[in-house]
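Novice: One structure follows; several queries about it will come next.
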Amino acid sequence: MYCHQCEQTAKGVACNISGVCGKQPETAALQDNLLQGLRGLAWYANEARKQGKRDPEVDKFMLEGLFATVTNVDFDAKHLEKVIARCYEMEKKAMALAGTSCCGIGKLVSGIKDAFKHGPPTAAKDWKPTGDLVKQGEAYSIEDLHSDPDVRSAIEILIYGLKGMAAYAHHALIQGKTDEEVSAFFHRALAATCDPDLGLMDFVGLAMECGKHNLTVMGLLNQGHIEHYGKPEPTKVNLGTRAGKGILVTGHDLKMLEELLKQTEGKGINIYTHGEMLPAHAYPGLKKYAHLAGNFGGAWQDQAKEFPEFPGAIIFNTNCIQKPAGSYIDRVFTWDCVSWPGVKHIDGWDFSAVIDKALACPDLPEAPGKEILVGFGHDAVLGVADKVIEAVKTGAVKHFFLIGGCDGAKPGRNYYTEFAEKVPEDCIILTLACGKYRFNKLDFGDIGGIPRLLDVGQCNDAYSAIQIAIALAGAFECGVNDLPLSLILSWYEQKAVVILLTLLHLGIKNIKLGPSLPAFVSPNVLNYLVENFNIAPISTPEADLKDILG
Ligand code: FS2
Ligand code: SF4
């Protein structure tokens with residue numbers, strides 16, 4: 001195996017024995033096999049689209065297939081084999097749509113010969129999942145994407161961006177939102193990775209375009225959430241527990257939470273959020289359920305420590321899952337794209353197995369905890385825009401810091417806690433995603449009634465943070481880069497990669513990124529990012545604050 005798609009990759013180079021995340025060589029090979037299949041599928045689907053033909057089933061599968069390869073999502077070899085089999089079905093569909101036979105011979109229909117001039121590289125074109133899928137997967141490696149390390153780096157950035165965008169597009173689809181241009185881009189961009197004639201700047205351009213489409217996708221997801229659950233509003237969330245049965249929901253999918261809330265109503269079960277589900281409490285359409293009791297625990301990497309302390313049932317509706325310990329594995333469920341071998345899996349919307357498990361588990365104690373504030377999406381923040389603008393004009397607020405992104409297990413992430421603690425008292429901190437658990441229980445006070453810590457939401461709510469920045473830039477009649485706003489980002493997996501691409505697409509400069517730089521960014525590609533966007537690795541909170549505030 002050779003995987004370096006996430007921040008915790010072994011020795012900062014690559015996981016090549018087994019994954020630091022728990023991914024075994026067998027599942028790594030199956031994911032490589034799947035990616036190869038998806039590239040071939042994309043190539044044929046892209047050819048079909050050039051002829052005005054598309055199939056929503058193929059489009060939907062592309063999201064599921066890519067999502068299955070995102071860090072901390074699918075660790076289950078049997079499940080991955082099924083996804084690969086489905087990929088082959090979809091590829092045959094796409095081939096038929098494009099006018100080729102499904103037998104791999106590549107029978108060309110007259111009139112589209114030019115479109116097939118190059119064709120996907122042999123391996124992708126002839127991809128056919130037969131025999132030993134692990135062995136077959138071992139023959140494909142991201143190291144073979146291109147012989148030039150810079151081109152390979154740019155292709156990898158594109159592929160990881162597509163993976164992150166697929167996760168968000170999948171959530172948006174569950175909310176009933178899609179965009180044809182985005183669906184077409186998935187195929188066009190992944191098909192491009194099969195084109196031997198493309199060079200470095202082609203892939204850099206496609207990566208930036210990926211950032212643009214991801215803004216659309218995050219916007220669709222935001223729209224879906226608001227249409228279904230109302231605009232997030234500032235809301236206090238209790239961090240303790242209530243006496244009675246409980247289910248802990250972790251992940252990003254709000255629709256899954258809503259269905260569970262409906263199905264548990266009146267059953268004496270309290271629902272708790274974990275990790276990236278925390279912002280759910282701010283939506284009127286979700287907080288109306290009296291048994292949405294509070295938030296339990298912190299970010300994803302603390303699950304092995306925290307889950308044994310939660311006596312009820314636990315369900316993962318997206319990443320980040322870690323190997324469940326024996327003390328709680330029988331209470332864990334995975335849903336939809338998430339899978340772990342030996343863990344009960346649910347597809348669809350019937351959560352009776354989770355409910356039965358929760359009812360059979362011991363009660364949680366009555367132990368009210370501290371309350372924290374969530375719900376500062378763009379509508380809430382811009383609702384008090386006059387106050388915020390006035391505070392900047394009078395000098396009461398000197399600077400805004402967006403300290404956002406993923407949390408992770410590797411050392412070095414205390415930087416973000418220390419940074420937040422050292423932010424001067426006349427500055428406001430915006431935060432989003434799971435990295436905020438490093439500091440969201442600290443007291444930051446307020447400036448003239450504006451809380452100094454504003455939780456914008458989940459990682460996908462980067463969309464909301466962007467809307468806030470654009471509105472402030474409009475109010476101050478300047479560009480976003482001229483605002484008294486600095487972005488201090490933490491990355492871990494591929495959703496963070498695509499958010500970074502979105503920020504770069506918007507021309508946002510001077511981002512400080514940590515805790516370490518991605519192993520898949522080659523020195524020359526890094527130079528390009530530094531020269532064009534002035535991206536810098538984090539150093540120390542003191543030095544970075546001095547650099548930003550002068
Ligand atoms: Fe956190 Fe994990 Fe949100 Fe990432 S819960 S690192 O997937 O997407 O951020
Ligand atoms: Fe290693 Fe991350 Fe890949 Fe897991 S996803 S194998 S931790 S690089």
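The values are calculated or read from the model by the stated rules, or taken from the named source; none is laboratory data. The structure presented is a predicted model; accordingly, all values stated were derived computationally and were not measured. Counting neighbours? That spans all protein chains shown, and the Cβs are built from the backbone with ideal geometry, glycine included. Accessible surface is based on the protein model in full, side chains and every heavy atom, while ligands, DNA and RNA are left aside. Shrake-Rupley method; radii C 1.70, N 1.55, O 1.52, S 1.80 Å.
Novice: Only sites in a loop by DSSP and with at most 13 other Cβ atoms within 10 Å count here; which GluC sites (Glu not before Pro) in the stretch 282-370 make the cut?
Specialist: Loop-located and lightly packed - GLU366.
Novice: Given a cut-off of under 8 Å on Cα pairs at least six residues apart, what relative contact order in percent is computed for the chain?
Specialist: This gives 17 percent for the chain.
Novice: On C-alpha positions alone, give me the angle between the axis of helix 254-264 and the longest principal axis of the chain, in degrees, nearest 10.
Specialist: 70 degrees
Novice: Okay, next question. Starting from the Cα of LYS288, step 7 Å along the direction of its Cβ; do the same at ALA10; then give the gap between the two resulting points in nm.
Specialist: Taking the simple label geometry, LYS288 and ALA10 are separated by 5.1 nm.
Novice: What aspartates and glutamates does LYS410 reach when the alpha-carbon gap must be under 17 Å and sequence neighbours fewer than 8 apart in one chain are set aside?
Specialist: Once the sequence-local aspartates and glutamates are set aside, what remains near LYS410 is GLU7, ASP302, GLU418, GLU493.
Novice: Here is the link list: LYS163/LYS231; LYS23/LYS262; LYS344/LYS512; LYS393/LYS422; LYS245/LYS495; LYS387/LYS422. Which ones come out longer than 31 Å on Cα distance?
Specialist: In this structure, LYS23/LYS262; LYS344/LYS512; LYS245/LYS495 exceed 31 Å between Cα atoms.
Novice: Using only Cα atoms and rounding to the nearest 10 degrees, what angle (0 to 90) does helix 56-67 make with the longest principal axis of the chain?
Specialist: 70 degrees
Novice: Between 0 and 90 degrees, rounded to the nearest ten: what's the tilt of helix 462-475 against the longest Cα principal axis of the chain?
Specialist: Between helix and principal axis, roughly 60 degrees.
Novice: May I pose another question? Treat the chain as a sphere of radius equal to its Kirkwood radius over Cα pairs and apply Stokes-Einstein at 37 °C in a medium of 0.692 mPa s; give the translational diffusion coefficient in µm²/s, rounded to a whole number.
Specialist: Approximately 137 µm²/s, per Stokes-Einstein.
Novice: Between the stretch 168-186 and the stretch 32-54, what is the separation of their alpha carbon centroids in Å?
Specialist: Taking the Cα centre of the stretch 32-54 as reference, the centre of the stretch 168-186 is 16 Å away.
Novice: Label SER141 and ASP302 with points 7 Å out from Cα along Cα→Cβ: what is the distance between them in nm?
Specialist: 3.9 nm
Novice: So, in nm, how far is label ALA96 from label ASP350 when the simple model puts each one 7 Å beyond its Cα toward the Cβ?
Specialist: Calculated label separation equals 2.9 nm.
Novice: Could you order GLU421, GLU209, GLU7, GLU180 by accessible surface area, starting with the largest, using a probe radius of 1.4 Å?
Specialist: If we order GLU421, GLU209, GLU7, GLU180 from most to least accessible, we get GLU421, GLU180, GLU209, GLU7.
Novice: If you don't mind, another one. How much accessible area per residue does the chain have, counting only protein heavy atoms and a probe of 1.4 Å, in square angstrom?
Specialist: For the chain, the solvent-accessible area averages 37 Å² per residue.
Novice: Only helical DSSP H runs with n ≥ 4 go in: add -39500 (n - 2.57) per run for the chain, normalise by residue count and round the 222 nm mean residue ellipticity to 500 deg cm²/dmol.
Specialist: Calculated from helices alone, the mean residue ellipticity at 222 nm is -13500 deg cm²/dmol.
Novice: Express in whole angstrom the spacing between the alpha-carbon centres of the stretch 479-550 and the stretch 351-413.
Specialist: 23 Å
Novice: Take every Cα pair under 8 Å in the stretch 337-438 that's 6+ residues apart, average their separations, divide by the length, and report that relative contact order as a whole percent.
Specialist: Taking the mean separation of contacting Cα pairs over the length of the stretch 337-438, I get 25 percent.
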